[in-house]
Amino acid sequence: MEPLREAFQHHFWATEKLIEYLRALPPEAETATAPGVYGEIPPTLSHLVDADGRYLLYLEGTPPPPKAGPDPTRTLDELSESLRDQIVRWRLLLDRVDELDVTLPARGDRPEMPHATNLMFAQALHHGNDHRTQICTVLSANGYEPPTLDVWAYWRERRLGPEQPE
């Protein structure tokens, strides 16, 4: 259980670090994009946070509302507030992970998926990494040095302290 909790700690940390980094960028960075990514930075970040919210609802036993597209007008403050709320909810779920048994309803061409708890946890981690990486790709492709969000940087900062050499 502790490795799963640690993986989510990195997930939260990386998204928080990315939001913190994006606050310091000039406004024109928000409309930057690159080939092969989800899109511009605000809708991608909104999509990441919104998807985590949907995964949480499934894990908490509440069917989420119909999926809507990302809201590119949500501010970094609004996304940060949603993220803080979600962090509390994820931690509560992690405390009782062994009690959960999620069934995903059929949707489109996907059949009903019983016992999908592990799928939802794995999907949240994978999805977050995927879209944070896409945002960093957009930053790099547009001349911005992206933040270092990998697990090594997380571990150095959270476990060893910020003074550690690279």
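The values are calculated or read from the model by the stated rules, or taken from the named source; none is laboratory data. For clarity, every value in this text was computed on a predicted model and none was experimentally measured. Glycine also receives a Cβ, built like all others from the backbone with ideal geometry; neighbour counts cover every protein chain displayed.
So for the stretch 120-141 (the condition being within 17 Å of the chain's Cα centre (by Cα) and outside any helix (DSSP H, G or I)), does at least one residue qualify?
Looking through the stretch 120-141, none of the residues is within 17 Å of the chain's Cα centre (by Cα) and outside any helix (DSSP H, G or I).
Considering only the stretch 31-42, state which residues are crowded, with 17+ Cβ neighbours inside 10 Å and assigned to a helix (DSSP H, G or I).
Selection gives 41, 42.
Could you please let me know if residue 59 is more than 15 Å from residue 94 (Cβ to Cβ), part of a helix (DSSP H, G or I) and of a type in the set (A, V, I, L, M, F, W, C)? I'd like the intermediate steps shown before the answer.
Working: more than 15 Å from residue 94 (Cβ to Cβ): no; part of a helix (DSSP H, G or I): yes; of a type in the set (A, V, I, L, M, F, W, C): yes.
Answer is no for this residue.
Return the residue satisfying two criteria in turn: it lies in the stretch 13-30 and is farther than 25 Å from residue 125 by Cβ and outside any loop (DSSP other than H, G, I, E, B), and of such residues it is modelled with the lowest pLDDT.
Going residue by residue through the stretch 13-30, those that are farther than 25 Å from residue 125 by Cβ are 24-30.
Subset that is outside any loop (DSSP other than H, G, I, E, B): 27-30.
Details: 27: 92, 28: 92, 29: 93, 30: 88.
Ranking the candidates gives 30 first.
Any residue at all in the stretch 5-12 that's without any contact (Cβ under 8 Å) to a residue 60 or more places away in the chain and not charged (D, E, K, R)?
Here is the first cut: in the stretch 5-12, the residues without any contact (Cβ under 8 Å) to a residue 60 or more places away in the chain are 6.
Subset that is not charged (D, E, K, R): none.
No: zero hits.
What about residue 102, is it in a loop (DSSP other than H, G, I, E, B) and farther than 15 Å from residue 17 by Cα?
On the way: in a loop (DSSP other than H, G, I, E, B): yes; farther than 15 Å from residue 17 by Cα: yes.
It is true that residue 102 is in a loop (DSSP other than H, G, I, E, B) and farther than 15 Å from residue 17 by Cα.
Restricting the stretch 1-21 to residues that are surrounded by fewer than 20 Cβ atoms within 10 Å (Cβ to Cβ) and of a type in the set (A, V, I, L, M), which is farthest from residue 71 (Cα to Cα)?
1
Given the criteria outside any helix (DSSP H, G or I), farther than 19 Å from residue 129 by Cβ and of a type in the set (A, V, I, L, M, F, W, C), does residue 68 qualify?
Details: outside any helix (DSSP H, G or I): yes; farther than 19 Å from residue 129 by Cβ: yes; of a type in the set (A, V, I, L, M, F, W, C): yes.
Answer is yes for this residue.
Could you pull out the residue among 95, 85, 101 that is touching a helix residue (DSSP H, G or I) at 6+ places or on another chain (Cβ under 7 Å), exposed (fewer than 14 other Cβ atoms within 10 Å of the Cβ) and free of Cβ contacts under 8 Å to residues at least 60 places away in the same chain?
101
Within the stretch 43-82, restricting attention to residues that are free of Cβ contacts under 8 Å to residues at least 40 places away in the same chain and small (Gly, Ala, Ser), which residue is surrounded by the most Cβ atoms within 10 Å (Cβ to Cβ)?
46
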